[in-house]
């Protein structure tokens with residue numbers, strides 16, 4: 001259609017300029033083609049320019065949308081209702097409390113179990129060492145059955161006694177001294193009173209019924225004593 005219009009336009013132009021000369025269709029066709037090419041180039045340039053403008057507008061729209069999203073995100077967070085925020089914080093606190101409570105309960109159970117196991121085996125080391133004393137007593141009893149030497153048996157028993165008292169000393173167990181000392185309620189337990197053999201022993205310990213012991217400066221058993229008066 002555009003080609004026909006250009007053709008008619010060119011033909012009329014040739015008529016007006018060269019009315020006396022015969023119209024040559026070939027020349028008209030060439031002119032029409034040149035004008036058509038020029039017009040197509042112009043249209044193509046306009047189209048390319050329009051496409052570039054459209055792309056620039058689309059980029060600008062995308063950029064504006066991104067800016068709006070960035071600007072709207074903090075506003076949306078700030079616009080969170082107070083009731084919703086408080087309910088969310090309360091839920092988080094409850095969850096944290098339940099987790100801490102469960103962890104503490106597990107820790108308490110584990111500690112209690114370890115403590116019970118420790119108490120069961122705390123005296124194992126002491127008992128193992130006492131087995132040596134038991135072995136020595138068994139040997140002494142066998143020797144007493146066949147030996148006629150009372151002195152040797154006596155020496156053997158004294159040796160066992162020394163080994164046993166040495167073992168107690170190594171473990172921090174010490175005997176509480178009492179004979180001839182002033183009566184001390186922090187260390188002694190009075191069983192009875194008797195007349196003092198001398199004036200110097202009045203108010204003092206004259207006899208020990210049962211020895212007392214301390215374990216690392218702590219009284220494990222009070223000494224049961226007799227006081228002179």
In the stretch 151-180, anything in the same structural domain as residue 222 (by TED's automatic domain parsing) and more than 58 Å from the chain's Cα centre (by Cα) is listed as 179, 180
Can you tell which of 162, 109 is assigned to a helix (DSSP H, G or I) and farther than 22 Å from residue 212 by Cα?
109
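The values are calculated or read from the model by the stated rules, or taken from the named source; none is laboratory data. This structure is a prediction, so every number in the text was calculated from the model and none was measured.
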